[in-house]
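Bear in mind that the values in this text are calculations on the coordinates, not laboratory data. Given the structure is predicted, the values throughout are model-derived calculations rather than measurements. Here the Cβ positions follow ideal geometry from the backbone for every residue, glycine too, while neighbour counts run over all protein chains shown.
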Amino acid sequence: MGVCALDSCRTAFVGTSRSGRRAYCCTRCANTDAVRRHRMKRR
């Protein structure tokens, strides 16, 4: 079990990966966070 790492999303999910390193509930949340981090770095 885990909670999405995106601040604006608090969806719970079941991590089924072998390593258990899943941090986001879906690829949309992962992409949103990656874009946010990229834009913060460019400032």
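General remarks:
- Length gained on full extension, residue 8 to residue 21, computed as 0.36 nm times the residue gap minus the Cα-Cα distance: 2.7 nm.
- Across the options 12, 40, 29, the greatest Cα extent toward the positive end of the charge dipole of the chain (unit charges at beta carbon of Lys, Arg, Asp, Glu) belongs to 40.
- On Cα atoms only, tilt of 27-42 relative to the major axis of the chain in degrees: 30 degrees
- Distance-filtered residues of the range 12-43 - backbone nitrogen under 15 Å, label point 7 angstrom along residue 1 Cα→Cβ: 12-16
- Tensor-based shape of the range 2-42 (alpha-carbon gyration tensor, a/c under 1.5 rounded, otherwise prolate or oblate): prolate
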